[in-house]
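Got a structure for you, questions after.
The numbers here are math on the coordinates, done by the rules we state, and not lab data. Keep in mind it's a predicted model, so treat the numbers as computed, not measured. Don't worry about glycine lacking a Cβ; one is built from the backbone with ideal geometry, like all the others, and counts go over all protein chains shown.
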Amino acid sequence: MHLIFTKMDKLLASLRISISHSTYKKDPESSDLGKKIIEESILMIDSEGFESFTFKKLGDQIQSNESSIYRYFENKHKLLLYLCSWYWGWIEYNLVLSCYSISDPKEKLFKAIEIISREVCEDSTFTFINEPALFRIIINENAKSFLTKKVDEENKQGGFESYKRLINRLNDMILALCPTYPFAKSLANSIVEISLNQYFVRDHFKSITDKNYTTPKDFILDLVQKTLV
């Protein structure tokens with residue numbers, strides 16, 4: 001979903017997150033079984049981790065043959081890539097919706113940072129997606145979607161388009177606020193990665209976590225403020 005809108009009604013009408021065809025064999029949103037695969041895979045990966053997750057376990061959970069899952073996804077890596085792509089597309093959707101009417105560059109960028117770095121709540125628009133569970137998967141498993149030998153091939157096929165669109169939106173917002181800043185894309189990428197890293201550190205390495213915030217928002221805002229303004 002490219003989310004390039006000129007009218008608010010067009011934005012609000014777009015209630016489906018489109019994912020690169022390269023991540024799936026059959027669109028899981030095209031059938032009840034496909035949606036069930038997505039719904040239950042999120043819960044299972046969140047519960048037991050990506051390493052322990054298998055299509056056989058998923059098939060048992062949804063009471064369907066393992067082969068039926070392979071009709072939708074080539075392997076569990078492609079499924080993870082789909083889930084990550086969906087999440088970043090959903091974040092982009094929320095970012096564009098929240099920033100649409102903001103004209104001040106600083107306010108718009110800071111609102112975008114808030115959207116990216118806040119705790120995720122359930123979105124009733126997408127009933128087959130448990131967004132808080134997916135958020136925990138992104139924190140713990142997102143890097144596994146691209147730290148592979150096939151990352152360049154999957155990138156060429158469009159597997160990371162939703163993530164890259166989000167980074168480019170942040171890049172544009174940074175340049176709107178500070179046109180002469182020479183490292184806008186690096187800063188945009190860092191904003192997203194710092195947010196994920198800080199949630200991970202908060203949950204797993206508490207002894208090296210600052211105690212004065214529950215989300216990374218204030219830290220990232222302080223960093224960006226001192227860098228750009």
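Output the peptides 178-184, 106-112, 16-22 sorted from most to least packed, where packing is the average of other Cβ atoms within 10 Å over each peptide's residues.
Numbers: 178-184: 12.6, 106-112: 19.3, 16-22: 17.3.
Going by the mean number of other Cβ atoms within 10 Å, highest first, we get 106-112, 16-22, 178-184.
So how much slack lies between Glu114 and Thr209, counting 0.36 nm per residue of separation and subtracting their Cα-Cα distance, in nm? Write out the running numbers ahead of the final one.
On the way: separation 95, 0.36 × 95 = 34.20 nm, distance 1.95 nm.
Separation in residues times 0.36 nm, less the Cα-Cα distance, equals 32.2 nm.
Can you give the local net charge around Ser52? Use residues other than it whose beta-carbon is closer than 12 angstrom to its beta-carbon, Lys and Arg +1, Asp and Glu -1. Write out the running numbers ahead of the final one.
Numbers: positive: Lys56, Lys57, Lys76; negative: Asp46, Glu48, Glu51, Glu141.
Result for the local shell: -1.
Now for a separate question. Using helices alone, what [θ] at 222 nm do you get for the chain, with -39,500 (n - 2.57) per DSSP H run of 4 or more residues, divided over all residues and rounded to the nearest 500?
On the way: 11 runs with 140 residues, N = 229.
Dividing the helical sum by the residues of the chain leaves -19500 deg cm²/dmol.
A further question on this structure: Straight-line reach only, C-alpha to C-alpha below 14 angstrom: list the aspartates and glutamates that Lys211 could link to, leaving out same-chain residues fewer than 8 apart.
Leaving aside aspartates and glutamates fewer than 8 places away in the same chain, those within reach of Lys211 are Asp203.
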